[in-house]
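The structure appears below as structure tokens.
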Amino acid sequence: MEQEKQPLKVYYTIGEVADMFGVNTSLIRFWEKEFDIIKPHKNKKGNRQFTKADIDNFHLIYHLVKEKKMTLRGAQMKLRENKTDTEVNFEVVKRLKIIKQELLSIKEQLS
């Protein structure tokens, strides 16, 4: 998943969210149904509008299901029982990945 430098928006479309995670929109809709922490607004046309909080929750779900290979049931239980610790652990992992990339870049420059 790649973060782009763009201005923060209030709402993101389902297509934008799917692109952020490199998944299909159908998976976003599925996760919305399976995880009660995802609560998109819907406009007058019925289109889903996801907030920054929804995106953060998708990051957690993506991390648990795709990166840690947890089952949906396991990820649901983890988020229900201990969401705060899960968020903290996810932030640590995210920072460590950034540090790893910086170290690899330095190594590349030194070679």
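Structure above, values below:
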quantity: Debye, to nearest 20: dipole size of the range 14-82, +1 on Lys, Arg Cβ, -1 on Asp, Glu Cβ; calculated: 220 debye
quantity: Linear extension gain, K97 paired with L8, 0.36 nm per residue minus alpha-carbon span; calculated: 29.8 nm
quantity: Table column - 3J(HN,Hα) (Hz), the range 19-25, Karplus curve with 6.51, -1.76, 1.60, x for Gly and Pro; calculated: 5, 4, 9, x, 10, 7, 4
quantity: Around I38: net Lys/Arg minus Asp/Glu count, Cβ-Cβ under 14 Å; calculated: +3
quantity: Lysines whose Cα lies under 21 Å from that of K94, excluding same-chain neighbours fewer than 8 positions away; calculated: K5, K52, K66, K68, K69, K78, K83, K107
quantity: Under 21 Å from K45, Cα to Cα: lysines that are on another chain or at least 8 residues apart; calculated: K9, K33
quantity: Sequence of S111, S26 once ranked by neighbouring C-beta atoms within 10 Å, starting from the fewest; calculated: S111, S26
quantity: Karplus 3J(HN,Hα) series, Hz, for the range 77-91 with 6.51 cos²θ - 1.76 cosθ + 1.60 (x for Gly, Pro); calculated: 5, 4, 6, 6, 7, 8, 5, 4, 4, 4, 5, 4, 4, 5, 4
quantity: Relative contact order [Cα under 8 Å, 6+ residues apart], the chain, whole percent; calculated: 19 percent
quantity: Taking the convex hull of Cα positions in the range 1-95, its mean projected area over all directions (nm²); calculated: 6.3 nm²
quantity: Positive-end extreme of charge dipole, the range 14-82 - chosen from L79, N43, A53 (charges on Cβ); calculated: N43
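All of the numbers you see were taken from the coordinates with simple rules; none came from a lab. Note that the coordinates shown come from a computational prediction; the quantities given were computed from them, not determined experimentally. Don't worry about glycine lacking a Cβ; one is built from the backbone with ideal geometry, like all the others, and counts go over all protein chains shown.
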